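Worksheet for the structure shown next.
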Amino acid sequence: MGMGEGQGRMKGVGQNIKMERINVRTTKRQEFVEITQLIEDAVKRSGVKSGICYVYVPHTTCGLTINENADPSVKSDILSKLEQLVPESGRYSHSEGNSDAHIKSSIVGHSLSVIVEDSSLQLGTWQGIFLCEFDGPRTRYVWVKIT
Ligand code: ZN
């Protein structure tokens, strides 16, 4: 990888940090890990008061989504429905044995953009940002860029 280790790896120039790498450790094969606060902290560090926050995962078997963070049954419903649609074992060509994870990753997508106003993500009351792990557990990372 050669991009350095640790949370909050900075790639900004000058006093304001405009891009960061944030590590996320997952603990199950499939799970949604909420990263809202990590992204919010990166927005604060960036010094950007009004702009757009881009979040991107550079992985082929995980993704990102925004959904309800109040009731945990919402994320478990999404995960179980994805598993019904794309079961772990099935007739796949890819020999690595994780085809379901690749497909689920494409379904949820790899990037998000959220409006930043008053130095804060403009998420709805019940919304959270989740890293969607489909082939864990492992250490993932997300790029956060605020402009
Ligand atoms: Zn694979």
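Just so you know, all these numbers are worked out from the coordinates, no wet-lab data involved. Just so it is clear, the model here is predicted, and its values are computed rather than measured. With ideal geometry, Cβ positions are generated from the backbone for all residues, glycine too; neighbour counts draw on all protein chains shown.
Just flag the chymotrypsin sites (Phe, Trp or Tyr not before Pro) in region 71-147 sitting in loop per DSSP whose Cβ has no more than 12 other Cβ atoms within 10 Å. Mind showing how you got there, number by number?
Values: sites: TYR92, TRP126, PHE130, PHE134, TYR141, TRP143; in loops: TYR92, TRP126, PHE134.
Taking region 71-147 and a limit of 12 other Cβ atoms within 10 Å, the loop chymotrypsin sites (Phe, Trp or Tyr not before Pro) found are TRP126.
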Most mobile listed residue (GLY97, GLY63, GLY128) in the chain, GNM with C-alpha springs under 10 Å: GLY97
Within the chain, which whole H helices from DSSP have a Cα span along their axis of at least 18 Å and a mean Kyte-Doolittle hydropathy of -0.5 or more, if any? 72-85
Return a whole-number percent for the relative contact order of the chain, with Cα pairs under 8 Å and 6 or more residues apart as the contact set. 44
Burial order of peptide ranges 104-113, 81-90 (average beta-carbon count within 10 Å, highest first): 104-113, 81-90
Over the chain, volume per residue of the alpha carbon convex hull, in Å³: 106
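So what is the calculated 222 nm ellipticity per residue for the chain, using -39500 (n - 2.57) for each DSSP H run with n of 4 or more, over all residues, to the nearest 500 deg cm²/dmol? Write down the numbers at each step before the final one.
On the way: 3 runs with 35 residues, N = 147.
After summing the helix terms and dividing by the residues of the chain, the value is -7500 deg cm²/dmol.
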